[in-house]
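The values are calculated or read from the model by the stated rules, or taken from the named source; none is laboratory data. All values derive from a computational prediction rather than experimental measurement. Counting neighbours? That spans all protein chains shown, and the Cβs are built from the backbone with ideal geometry, glycine included.
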Amino acid sequence: MGRLLSLSEDKFESVWSYRTIYGLVALIVLFNAIAFAHHYANKDFQLNTLLEIRKTIDVGTTKADVQEKLVYVLAQYHQNERESVVETFRDYMSEQLGEEGIYISDFDLRKSDLEDSSVKQDSEDNINHFYEIDEENDAIRIIVVSEVSLGDDPDYENYDGLLGQFEMEFILNEEGVRYEVLN
């Protein structure tokens, strides 16, 4: 716009009409610069809002998946008067127990069923699940680490070695099921 204005300077009838158009062009450029700065600053706010929404979704889906299963195991332990929470967990949750302490979520089980049936699935949950069994205290610990959601402490080292990611822990023992947000 500035180049066009400078090339057409001699086409204007008066100096005042040129200055008026020049002022309007300057206002348009200024308005666009301010709008750009506003939108650029707003992107960080939107990113943080989206990450908070994702964290809320991660908490809800994880509680629905993991906590629901652990409450079911606890109910079976008490109803059937079993000797050990750990053995009850192993009996009822054997499908979820992967190798090397990997807990296989319902999402991952459904995804592998779809892959077996040759249905293409593009989405991933980006949540890692791990488990630890404490035979001595008759307790199970399930740790959940999100690869997308950020935790409160950016220097926190997550269970799987990531830094600063959202992490939750579920503990099942004969007294009940509890969860805690670790980061």
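Just checking, does the stretch 43-55 include any residue being touching a residue at least 12 places away in the same chain (Cβ under 8 Å) and β-branched (Val, Ile, Thr)? Before you say what the answer is, go through the steps one by one.
Restricting attention to the stretch 43-55, the residues satisfying the condition of being touching a residue at least 12 places away in the same chain (Cβ under 8 Å) are 51, 54-55.
Those left that are additionally β-branched (Val, Ile, Thr): none.
Checking the stretch 43-55: not a single residue is touching a residue at least 12 places away in the same chain (Cβ under 8 Å) and β-branched (Val, Ile, Thr).
Would you point out which residue out of Val86, Val73, Val66 is over 26 Å from Phe166 (Cα atoms) and in contact (Cβ under 8 Å) with a residue 12 or more places away in the chain?
Values: Val73 fails: over 26 Å from Phe166 (Cα atoms); Val66 fails: over 26 Å from Phe166 (Cα atoms).
Criteria check complete, one pass: Val86.
If you scan the stretch 139-183, which residues turn out to be in contact with a Lys or Arg (Cβ under 6 Å, 6 or more places away or on another chain) and small (Gly, Ala, Ser)? Let's see the steps before the verdict.
Quick first cut of the stretch 139-183, residues in contact with a Lys or Arg (Cβ under 6 Å, 6 or more places away or on another chain) only: 148-149, 166, 171.
Within the stretch 139-183, Ser149 is the sole residue that qualifies.
Checking the structure you have, find out if any residue of the stretch 99-111 is hydrophobic (A, V, I, L, M, F, W, C), part of a helix (DSSP H, G or I) and surrounded by 11 or more Cβ atoms within 10 Å (Cβ to Cβ). First the steps, then the outcome.
In the first step, residues of the stretch 99-111 are kept if they are hydrophobic (A, V, I, L, M, F, W, C); the result is 102, 104, 107, 109.
Narrowing the set further to residues that are part of a helix (DSSP H, G or I) leaves 107, 109.
Subset that is surrounded by 11 or more Cβ atoms within 10 Å (Cβ to Cβ): 107, 109.
For the stretch 99-111, residues hydrophobic (A, V, I, L, M, F, W, C), part of a helix (DSSP H, G or I) and surrounded by 11 or more Cβ atoms within 10 Å (Cβ to Cβ): present.
Hey, does the stretch 18-38 have a residue that's touching a His at 6+ places or on another chain (Cβ under 6 Å) and either modelled with pLDDT of 90 or more or under 30 Å from Gly176 (Cβ atoms) (or both)? If you could, list the steps in order and put the result at the bottom.
Just the residues of the stretch 18-38 that are touching a His at 6+ places or on another chain (Cβ under 6 Å), to begin with: none.
Scanning the stretch 18-38, I find no residue that is touching a His at 6+ places or on another chain (Cβ under 6 Å) and either modelled with pLDDT of 90 or more or under 30 Å from Gly176 (Cβ atoms) (or both), so the answer is no.
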